[in-house]
1. List, in order, the whole-Hz ³J(HN,Hα) value for each residue of the stretch 61-71 obtained from phi through the Karplus relation with A = 6.51, B = -1.76, C = 1.60 and θ = phi - 60°; use x for Gly and Pro.
2. For an R0 of 22 angstrom, estimate the FRET efficiency from the Cβ-Cβ distance between residue 75 and residue 12 and round to the nearest 0.05.
3. Going by amide H atoms built from the backbone, whose H comes under 5 Å of the H on residue 59, apart from near neighbours?
4. Between residue 83 and residue 58, what is the spin-label point distance in nm, taking each point 7 Å from the Cα along the Cα→C-beta axis?
5. Aspartates and glutamates near residue 34 by alpha-carbon distance under 13 Å, same-chain residues fewer than 8 away left out - which ones?
6. How much FRET efficiency would the formula 1/(1 + (r/R0)^6) give for residue 21 and residue 42, where r is the Cβ-Cβ distance and R0 is 22 Å, rounded to 0.05?
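Coordinate-derived values only; no laboratory data. Values in this document were obtained by computation on a predicted structure and should not be read as measured data. So basically every Cβ, Gly included, is an ideal-geometry build from the backbone, and we count neighbours across all protein chains shown.
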Amino acid sequence: MSVQSFRYDFTAKELAYFLFKKKTCPKCGGQMKKGKCCETIDGSVYNTNSVPLYIQGRQVKHYFYRFTCQECGAEFTLTELSK
């Protein structure tokens with residue numbers, strides 16, 4: 001079955017960090033490298049009781065970002081870095 005929908009989700013804090021903050025490692029202060037990751041999830045997971053956002057039985061590709069330190073190799077999600 002092919003993926004017909006995609007989803008990005010950011011909080012306001014995560015979006016501000018993603019767009020404007022310098023990406024430095026919280027452990028060692030090194031430069032962070034951005035990596036785009038994705039997972040495929042059934043669309044019914046994102047449906048609400050009042051508004052179905054996705055068609056039942058369809059696959060949704062959920063994209064998220066992971067940052068890796070160039071120096072120490074630590075990995076962080078965008079949520080972890082924006083806190």
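1. Per residue, the Karplus-derived 3J(HN,Hα) values read 8, 9, 9, 8, 10, 10, 10, 10, 6, 5, 8 Hz.
2. The pair residue 75/residue 12 has a calculated efficiency of 0.40.
3. Excluding prolines and chain starts, which carry no amide H, the hits are 4, 43.
4. If labels sit at residue 83 and residue 58, their model points lie 3.4 nm apart.
5. 75
6. 0.05
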